[in-house]
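Report on the structure given below.
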Amino acid sequence: MKKFLIVICMMFLLPAFADTMPFYMESIPKTAIGVYQTGEHIILYSHPDANSDVVAKMDFTYTPNCMPDGVFAVLLNEKKLGFLYVSDVGDDGWVQVIYDKRTGAKGWVLTEDRLQFLPWLSFYNMYGRKYGLRMFKNAPDEAEVLRSKSEDESQNVAKLNYVKQIKLTAVRGNWALVSVLDIDKIPKTGYLRWRSNDGVIYAFPDIK
């Protein structure tokens, strides 16, 4: 009877884990140049042309137990907020998205407005400044350092340990001007390298 009750409880708890966020550097494809915000329906084409072959059609209800796995870069069902990784941009509002993270399958979608596709800098300026940043769990030690300037050779301001909050002020190239609240609760301000020179991302908007 006890095992049966545990199984029942797990069935009710599982949907709570259906939201998606990247937590490791390898979660984000190196080809990704930004994100595309989904609506309730998307049609994916083989080419940036509505007359080309349809490779997939997807409907999203934003109810946890009905959402597909391996599709979203970011998914918050309660907010009905979902993003796919974008790997290329075409003309006239077309973007190529990764719709299966396991196989790397891609398709082209037509954006409905200018904010539906957000290049990384726009995404960080919009969501990073609103929610702050979160370091990836396997970010290298050299990324967890605040510097006085947006340069690797500049002076160390602080080492990030037991971070409580990273508030983003501005993004400048691969660097972010941030204010960090550490375990000592003393704010520290400096430049954080959020992305490597070859495009590997170390820190991500802490969307909630």
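Axis of helix 2-13 versus longest Cα principal axis of the chain: the two differ by about 90°, to the nearest ten degrees. The apolar share of the surface of the chain, taken as the fraction of accessible area on carbon and sulfur atoms (1.4 Å probe, ligands and nucleic acids excluded), comes to 53 percent.
Roughly how many debye, to the nearest 20, is the charge dipole of segment 74-208 about its Cα centre, given +1 on each Lys and Arg Cβ, -1 on each Asp and Glu Cβ, and no other charges? Walk me through the numbers on the way to the answer.
Working: 21 positive and 17 negative charges, 123 e Å.
That gives a dipole near 580 debye.
Taking every Cα-Cα distance in the chain and sorting them into 5 Å bins from zero, the calculated P(r) comes out as 1, 7, 14, 17, 17, 14, 11, 9, 6, 3, 1, 0, 0 percent. Ligands, DNA and RNA are left out, and with a 1.4 angstrom probe the accessible area of the chain is 58 Å² per residue.
Helices in the chain, meaning DSSP H runs of at least 4 residues, each add -39500 (n - 2.57). Divided by all residues, the mean residue ellipticity at 222 nm is -2000 deg cm²/dmol. Charged side chains reduced to their Cβ positions (Lys and Arg at +1, Asp and Glu at -1) give segment 10-139 a dipole of some 640 debye around its Cα centre. Remind me, relative contact order of segment 29-111 in percent, using alpha carbon pairs under 8 angstrom and six or more residues apart? Computed over segment 29-111, the figure is 31 percent. Can you tell which of Phe204, Leu81, Gly190 lies farthest toward the positive end of the dipole of segment 53-208, using +1 and -1 charges on the Cβ of basic and acidic side chains (Lys, Arg; Asp, Glu)? Farthest towards the positive end: Gly190. Among rounded, prolate and oblate, which fits segment 132-190 when a ≥ b ≥ c are the square roots of the eigenvalues of its C-alpha gyration tensor, a/c under 1.5 means rounded, and a/b larger than b/c means prolate? It comes out rounded by the Cα gyration axes.
Distance from the Cα centroid of segment 106-170 to that of segment 27-45 is 19 Å (rounded to whole angstrom).
The values are calculated or read from the model by the stated rules, or taken from the named source; none is laboratory data. Keep in mind the model is a prediction, meaning the values are calculated, not measured. Heads up, the Cβs are rebuilt from the backbone with ideal geometry, glycines too, and the neighbour counts pull from every protein chain shown. Side chains are part of the model used for accessible areas, which takes the heavy atoms of the whole protein and leaves out ligands, DNA and RNA. Shrake-Rupley method; radii C 1.70, N 1.55, O 1.52, S 1.80 Å.
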